[in-house]
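The values are calculated or read from the model by the stated rules, or taken from the named source; none is laboratory data. Since the model is a prediction, treat every value here as computed from it, not as a measurement. Note: ideal-geometry Cβ built from the backbone for every residue, glycine included; neighbour counts use all protein chains shown.
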């Protein structure tokens, strides 16, 4: 009645960084990754792949995140770049800018940085018209 609500991406988890696990270094993954532990380094999807990253309530990531789909309920210290969808759940804490195409932010989520909306690649870009002066 009020328009079609965009559907959330399917969350299929292929890999897990468990609670109590600490990784120091960059993480590159394909498919779906859930972090319950701690990562000190960048987390990104493999080149040419789309991926889903889930950061659970007790997880912490210190570094840049670059994925297609992101679901956060933990802590991120660093910039976030999501080409598709970001969901900030009630216990999420992000210190850094969040670049997104589609955003869902729950009551209680905190972002200490800028929310930067990116225009989807499928949307037409605005055209600038220049008028010529008549003589």
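Odds and ends about this structure:
- Meets criteria (over 16 Å from residue 36 (Cα atoms) and modelled with pLDDT under 95) for residue 95: no
- Scanning the range 99-135 for residues that are modelled with pLDDT of 95 or more, part of a loop (DSSP other than H, G, I, E, B) and exposed (fewer than 14 other Cβ atoms within 10 Å of the Cβ) turns up 106, 107, 108, 114.
- Meets criteria (under 13 Å from the mean Cα position of the chain (by Cα), within 19 Å of residue 27 (Cβ to Cβ) and modelled with pLDDT of 95 or more) for residue 59: no
- Filtered by the rule that a residue be surrounded by fewer than 17 Cβ atoms within 10 Å (Cβ to Cβ) and either assigned to a strand (DSSP E or B) or over 13 Å from the mean Cα position of the chain (by Cα) (or both), the range 85-98 gives 90, 91, 95.
- Residues satisfying the stated conditions in the range 47-56, i.e. at pLDDT below 95 and buried (at least 17 other Cβ atoms within 10 Å of the Cβ): 51
- For the range 1-46, the set of residues classified as part of a loop (DSSP other than H, G, I, E, B), at pLDDT 90 or above and exposed (fewer than 14 other Cβ atoms within 10 Å of the Cβ) consists of 18, 19, 20, 21, 25, 26, 46, listed by residue number.
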